[in-house]
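Each reported figure results from applying straightforward, stated rules to the coordinates on display, with no laboratory input. Here the structure is a predicted model, which means the values were calculated and not measured. Using ideal geometry, Cβ is built from the backbone for each residue, glycine included, and neighbour counts are taken over all protein chains shown.
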Amino acid sequence: MSKLLIDGYGDDLIINGIRLGDLSPAEHQNIETNKGGQNYSPLEDVVVSHVKDSSTLICRKPSNDTVKNYIEEELLDGLCCYSAVNQGQLNQTIVDAVVHHLVEEKIPTVPRSIRHKYMSGFLMAATAFTEMDRVVPKVAGVESWELTFKLCRRWGYEVKKIPSNKAIIVGANNNFHGRSMAATSMSDDPETQNNFGPFLPGIELVPFNDYDALEDLFNRKGDYIAAYSVEPIQGEAGVIIPDEDYWPKVSALCKKHNILLAFDEVQTGFGRTGRNFAHQLYNVKPDIMGCGKAAGGGILPVSFVAGRDDVVGVLTPGSEGSTFGGYPLASVVGIYAIKTLIDEKLADHANIRGAQLIEGLNKIKADFPDKIKDVRGKGLLTAFEMHHAKHLDGHKVSVGLLARGIYAKETHHSTVRLAPALTIKEHQINILLDAIHDVIKNI
Ligand SMILES: Cc1ncc(COP(=O)(O)O)c(C=O)c1O
């Protein structure tokens, strides 16, 4: 290895003589293009530097001006890291807890093969919050889904007595559960799957929100089906909200066939939809669910599986594990992510600000009925869909919003998702709506 020198912090962080604060957006892009994997196409000419308040990001670029060192732009965060920052950027309670535990409590980093005291705290908080018997910590959102998948299969063999290696996990069309091989195998998106095969067997898909299709599949193959593993509201697909009676009917159907209802609440959980968990909107309870994103309070990647005793209970030592899942700092962050959600009544905030946002979006739709086709949302998980036409391009809308100081991103060609922090203020929602109105008017 040639000599590598690393020094400093923030803009003054210097890697082999190159100071981060001196790099232009084009130079950042160049480094990513040449040294990174090309699996994202970020918005152009903008580089986020730091946080101004819980919903405002500051973007910085070096200035050639002799007076100013930097050109700074504010960005209202309409996405909050795909719902990972429900508690708001740098939530003070969570930051204080992290700093206190690192500096004052001398929190260690140890694996799960030795007990640490914060694990008990996390398990007590997470089981109470989810109203589930057992919780198993993981790190990324996809890992919580992946573990749910494994648990459903094992439950299928050991409790339901499905013949060995014959278990089926049912998913929904247009699902998104992350990027592991199992999640890739369940995906029906060609770009997600392209040249990553062979895929995991034992997966079948049904159309989302189609009770009859699910009933038909359960009638034909129910003895082999361990679980229906699904998002309660489909996020990446464009905030697709099922009929009000879909989940109650599906829950009853699952019970009838002794099939687990396994929810992926990675995006919909932690107050996002106006309830702590989206399934509470429908008065159903899954047998097992995966959580992630805001489970880490926007500070650390924290995820977990929560479930019924007999489902999570199939785990045995050696059958599952994770070096950083529930390590002391993650446990503390997990506890404080929950505490903040409760103390700051963030699910209620999501309802209030969500109603404001949806009402505003509906007004924009009324002003431009030839452009906007649909407005959808629960709490602060919202989206608007434009009519299918070449000029009504979600990416162009994102770029237009960026020019007006808003960070939001299309999910598909014609849908733009808006999922700001649950701490967002009334006037910030108005800024968001004014910008959307302006962009739609001009598109
Ligand atoms: C419903 C759902 N499940 C799983 C994931 C994967 O989470 P992660 O990217 O943290 O692995 C996501 C991410 O967007 C998601 O929306």
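Key figures
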{"item": "E158 paired with V399, simple spin-label distance in nm, labels 7 Å along Cα-to-beta-carbon", "result": "5.3 nm"}
{"item": "Gain on full stretching of the segment that runs from K117 to E359 - 0.36 nm per residue minus C-alpha separation", "result": "82.5 nm"}
{"item": "Hydrodynamic radius (Kirkwood) for segment 46-118, which is based on Cα pairs only, to one decimal in Å", "result": "15.3 Å"}
{"item": "C-alpha center-to-center spacing [segment 319-394, segment 114-146] in angstrom", "result": "23 Å"}
{"item": "Rg/Rg_globular for the chain, with Rg_globular taken as 2.2 N^0.38 Å and Rg from C-alpha atoms", "result": "1.02"}
{"item": "Proximal aspartates and glutamates relative to K138, as straight alpha-carbon distance under 13 Å, when same-chain residues fewer than 8 apart are discounted", "result": "E146, E320"}
{"item": "Cα→Cβ-extended label distance, 7 Å offset, between K221 and Y40, nm", "result": "3.6 nm"}
{"item": "Set of lysines with alpha-carbon distance to K161 below 19 Å, sequence-local pairs under 8 removed", "result": "K150, K221, K255, K256"}
{"item": "Largest-first principal axis extents of the Cα set of segment 113-206 (Å)", "result": "44, 33, 26"}
{"item": "Of the DSSP H helices in the chain, those whose Cα atoms cover at least 27 Å axially and whose Kyte score averages 1.0 or more", "result": "none"}
{"item": "Residue pairs, from the table K3/K35; K365/K425; K378/K441; K373/K425; K117/K285; K61/K293, whose Cα atoms sit over 20 Å apart", "result": "K365/K425; K378/K441; K373/K425; K117/K285; K61/K293"}
{"item": "Alpha-carbon centroids, segment 247-294 and segment 8-86: separation in whole Å", "result": "37 Å"}
{"item": "Packing-based exposure ordering (other Cβ within 10 Å, fewest first) of C152, C81", "result": "C81, C152"}
{"item": "Taking the chain and dividing mean pair separation by its residue count, relative contact order in percent (alpha carbons under 8 Å, at least six apart)", "result": "20 percent"}
{"item": "Residues V250, V103, V47, sorted so that the one with the fewest Cβ neighbours within 10 Å comes first", "result": "V103, V47, V250"}
{"item": "At R0 = 30 Å, FRET efficiency that the Cβ-Cβ distance of D210 and H413 yields, to 0.05", "result": "0.80"}
{"item": "Cut-off under 5 Å, modelled amide H: who pairs with L418 long-range", "result": "T382, A383, F384"}
{"item": "Exposed GluC sites (Glu not before Pro) absent - longest run of the chain, DSSP non-H/G/I/E/B, at most 14 other C-beta within 10 Å", "result": "245-443"}
